[in-house]
Amino acid sequence: MVTLIHTLADHSNDVNYCAFSSSCLATCSLDKTIRVYSLNNFTELPYSPLKGHTYAVHCCCFSPSGHVLASCSTDGTTMVWDTRDGRMLAVLEQPSGSPVRVCRFSPESTYLVSGAADGSVVLWNMQSLKLYRLGNVKDGSLVACAFSPNGNFFVTGSSCGDLTIWDDKMRCLYNEKAHDLGVTCCDISSQLISDGEHGFRYFQMASCGQDNQIKLWLILFADFLGVELKYKCTLNGHSAPVLACAFSYDGQMLVSGSVDKCVIIYETSTGNTLHTLSQHTRYVTTCAFAPCSPLLATGSMDKTVNIWQFDLKQLCAGNTVENESKVAVEDWSEDDVSAWLCAQDLADFVGLFKMNNIDGKELLNLTKESLTNELKIESLGLRSKVLQKIEELRMKMISVSVTIPDEFLCPITRELMKDPVIAADGYSYEKEAMENWISNKRQSSPMTNLPLHSLMLTPNRTLKMAISRWLETQQK
């Protein structure tokens, strides 16, 4: 189930793009501004709107940490902003001065790509904020871009219909005619797909175009094989050009927006349509899933951005829990660890863990010393948070092979409770899960669906002691 929970109507002209970080939503418009909102209550941050572009802003994107925001415009520049105070950090001028249509950070924030209407592609070094590499697509305007999760390559899409794969040295590796009437957007899933026949692991990419189609592709990137792009299937459903597409973090869903004013959410494994949303009154120009919360944003030429919320069962965290039960943590791949980090609100560490090849076995062996000395995580608070989540994972491993008494399971998460509280409905819940339930403006009981006459949560110390005693018996 998908519910419309908020509509933002602050822009005075078409909304061109929206992007999430773990705590914020950014939107940009033909009105020359970028607006930044808190995900806690969708209020605009004090420094918003960001003003500096002299013409329409076409695209905006957050760095993986969320501390930096980039925006690009018809004025031929890509601007870099500090999201903590709204300061402009740099103005990066496209060498040709051509209108910049798209910008993207690499997964480790090493580079920023900007693509322009004249087909020029610039790779900017984010440490020096200087031009690092310059390239060109052979025909058309550059209108789409997406990085692979490991940062080894990125894909661009052009108005002439080509998808081009580049490595991180800006060498063109592959080119494919994908959409006859032009590409409008592309995205790469953060989750790899295994090929059981050959043992290869593929990146999954979606592209959409003026031909009303969304195409799914599989990209094989290997040093000994080079690059291979395989067409997988076409997702139909829109009756007009498709202007935007985006994967959910777990790769299980794909959302698209179209000139037909509709938003369609697909299940990527089957191609089935899960939801069709038709609240916008003009073309849907942009759509984005939040990285670690059950939110979807869609923007339109009707000047609004709609915020949608998914049912708890469709959270990437929920999907991760399901995956945990199927694969032993010791057997997790590096990508399974990345999915787990995102579900634990630790998405900022995905690049660091991938760079150090942290799989399930390595994850369970991490200590305070290895986090400090080997991974160089300097913040005591962040180290403590990572260690706490790893300890919770170890606790789950203790209990996976036994039947947990039902009264020890949180009704919301269906996980063993660590800090049980009693709500006004008389039922006990994991404190964090119930607080999240209430903070998402739910004022009804998760068990009965009746209104809660009070939002007070009382610690259930008796139940907490019973759970502790039960855990001790399991560890003997």
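The values are calculated or read from the model by the stated rules, or taken from the named source; none is laboratory data. It should be emphasised that the depicted structure is a prediction, and the values quoted were computed from it without experimental measurement. Counting neighbours? That spans all protein chains shown, and the Cβs are built from the backbone with ideal geometry, glycine included. For the accessible areas, the whole protein counts, side chains as well, though only heavy atoms, and no ligand, DNA or RNA atoms are used. Shrake-Rupley method; radii C 1.70, N 1.55, O 1.52, S 1.80 Å.
Residue check, residue 392 against (1) touching a Lys or Arg at 6+ places or on another chain (Cβ under 8 Å); (2) of a type in the set (D, E, K, R); (3) crowded, with 18+ Cβ neighbours inside 10 Å; (4) modelled with pLDDT of 75 or more, all met but one. Which one?
Going through (1) touching a Lys or Arg at 6+ places or on another chain (Cβ under 8 Å); (2) of a type in the set (D, E, K, R); (3) crowded, with 18+ Cβ neighbours inside 10 Å; (4) modelled with pLDDT of 75 or more one by one, residue 392 breaks only (3).
Among the residues of region 49-73 satisfying the criterion of being open to solvent by 20 Å² or more (accessible area, probe 1.4 Å) and among the hydroxyl-bearing types (Ser, Thr, Tyr), which is nearest to residue 288 (Cα to Cα)? Walk me through it before giving the result.
Just the residues of region 49-73 that are open to solvent by 20 Å² or more (accessible area, probe 1.4 Å), to begin with: 49, 51-52, 54-55, 58, 62, 64-65, 67-68.
Add one more test, that the residue is among the hydroxyl-bearing types (Ser, Thr, Tyr), and what stays is 54-55, 65.
Numbers: 54: 26, 55: 24, 65: 17 Å.
Once the filter is applied, the top-ranked residue is 65.
Specify the residue that is modelled with the lowest pLDDT; the eligible residues are those in region 176-214 that are aliphatic (A, V, I, L, M) and under 16 Å from residue 259 (Cβ atoms).
Ranking the qualifying residues of region 176-214, first place goes to 181.
Give me the residue from region 34-48 that is under 23 Å from the mean Cα position of the chain (by Cα) and not hydrophobic (A, V, I, L, M, F, W, C) and, out of that set, nearest to residue 77 (Cα to Cα).
The qualifying residue nearest to residue 77 (Cα to Cα) is 35.
Name the one entry in 101, 84 that is of a type outside the set (Asp, Glu), touching a His at 6+ places or on another chain (Cβ under 8 Å) and surrounded by 18 or more Cβ atoms within 10 Å (Cβ to Cβ).
Working: 84 fails: surrounded by 18 or more Cβ atoms within 10 Å (Cβ to Cβ).
Sole residue among the options that is of a type outside the set (Asp, Glu), touching a His at 6+ places or on another chain (Cβ under 8 Å) and surrounded by 18 or more Cβ atoms within 10 Å (Cβ to Cβ): 101.
How many residues does region 87-97 hold that are open to solvent by 10 Å² or more (accessible area, probe 1.4 Å) and in a strand (DSSP E or B)?
Of the residues in that region, 5 qualify.
Starting from region 423-449, take each residue that is under 23 Å from residue 4 (Cβ atoms) and list its partners that are among the aromatic types (Phe, Trp, Tyr) and outside any loop (DSSP other than H, G, I, E, B), counting only C-beta distances under 8 angstrom and pairs at least six apart or across chains.
That search, which allows pairs on different chains as well, returns 437/429; 446/429; 446/437.
Scan region 361-392 residue by residue and report those that are closer than 16 Å to residue 340 by Cβ and of a type in the set (D, E, K, R).
Of everything in region 361-392, those that are closer than 16 Å to residue 340 by Cβ and of a type in the set (D, E, K, R) turn out to be 361, 362, 385, 389, 391, 392.
Given the options 7, 27, 3, name the one that is at pLDDT 95 or above, open to solvent by 10 Å² or more (accessible area, probe 1.4 Å), part of a strand (DSSP E or B) and among the hydroxyl-bearing types (Ser, Thr, Tyr).
On the way: 27 fails: open to solvent by 10 Å² or more (accessible area, probe 1.4 Å); 3 fails: at pLDDT 95 or above.
Among 7, 27, 3, only 7 is at pLDDT 95 or above, open to solvent by 10 Å² or more (accessible area, probe 1.4 Å), part of a strand (DSSP E or B) and among the hydroxyl-bearing types (Ser, Thr, Tyr).
Can you find, within region 434-467, the residue that is nearest to the chain's Cα centre (by Cα) among those that are open to solvent by 100 Å² or more (accessible area, probe 1.4 Å), of a type in the set (S, T, N, Q) and within 28 Å of residue 39 (Cβ to Cβ)?
Ranking the qualifying residues of region 434-467, first place goes to 443.
Within region 401-433, restricting attention to residues that are small (Gly, Ala, Ser) and closer than 22 Å to residue 453 by Cβ, which residue is surrounded by the most Cβ atoms within 10 Å (Cβ to Cβ)?
Across region 401-433, the extreme among qualifying residues is 428.
For residue 204, which of the numbered conditions (1) farther than 27 Å from residue 77 by Cα; (2) open to solvent by 40 Å² or more (accessible area, probe 1.4 Å); (3) touching a Leu at 6+ places or on another chain (Cβ under 7 Å) fails to hold?
Among (1) farther than 27 Å from residue 77 by Cα; (2) open to solvent by 40 Å² or more (accessible area, probe 1.4 Å); (3) touching a Leu at 6+ places or on another chain (Cβ under 7 Å), the lone unmet condition for residue 204 is (2).
Within region 453-465, count every residue that is closer than 13 Å to residue 428 by Cα and either touching a Gly at 6+ places or on another chain (Cβ under 8 Å) or not in a loop (DSSP other than H, G, I, E, B) (or both).
6
Checking the structure you have, find out if any residue of region 148-158 is hydroxyl-bearing (Ser, Thr, Tyr) and over 19 Å from residue 219 (Cβ atoms).
Quick first cut of region 148-158, residues hydroxyl-bearing (Ser, Thr, Tyr) only: 148, 156, 158.
Narrowing further to those that are over 19 Å from residue 219 (Cβ atoms): none.
No; the residues of region 148-158 include none that is hydroxyl-bearing (Ser, Thr, Tyr) and over 19 Å from residue 219 (Cβ atoms).
Identify the single condition in (1) under 15 Å from residue 80 (Cα atoms); (2) over 15 Å from the mean Cα position of the chain (by Cα); (3) assigned to a strand (DSSP E or B) that residue 53 does not satisfy, given that it satisfies every other one.
Evaluating residue 53 over (1) under 15 Å from residue 80 (Cα atoms); (2) over 15 Å from the mean Cα position of the chain (by Cα); (3) assigned to a strand (DSSP E or B) leaves (3) as the failure.
If you take the residues in region 431-452 that are basic (Lys, Arg) and assigned to a loop (DSSP other than H, G, I, E, B), which one is farthest from residue 464 (Cα to Cα)?
441
Considering region 349-383 alone, what residues qualify as being open to solvent by 60 Å² or more (accessible area, probe 1.4 Å) and in a helix (DSSP H, G or I)?
355, 361, 362, 368, 369, 373, 380, 382
Just to check your reading of the model, which residue among 162, 187, 168 is under 22 Å from the mean Cα position of the chain (by Cα), surrounded by 19 or more Cβ atoms within 10 Å (Cβ to Cβ) and not hydroxyl-bearing (Ser, Thr, Tyr)?
It is 187.
Need pairs with beta-carbon distance below 8 Å; first residue under 19 Å from residue 349 (Cα atoms) and hydroxyl-bearing (Ser, Thr, Tyr) and within region 320-335, second open to solvent by 20 Å² or more (accessible area, probe 1.4 Å) and modelled with pLDDT of 50 or more; sequence gap 6+ or separate chains.
Close Cβ pairs (under 8 Å, with a partner that is open to solvent by 20 Å² or more (accessible area, probe 1.4 Å) and modelled with pLDDT of 50 or more) amount to 320/250; 320/343; 333/192; 333/359.
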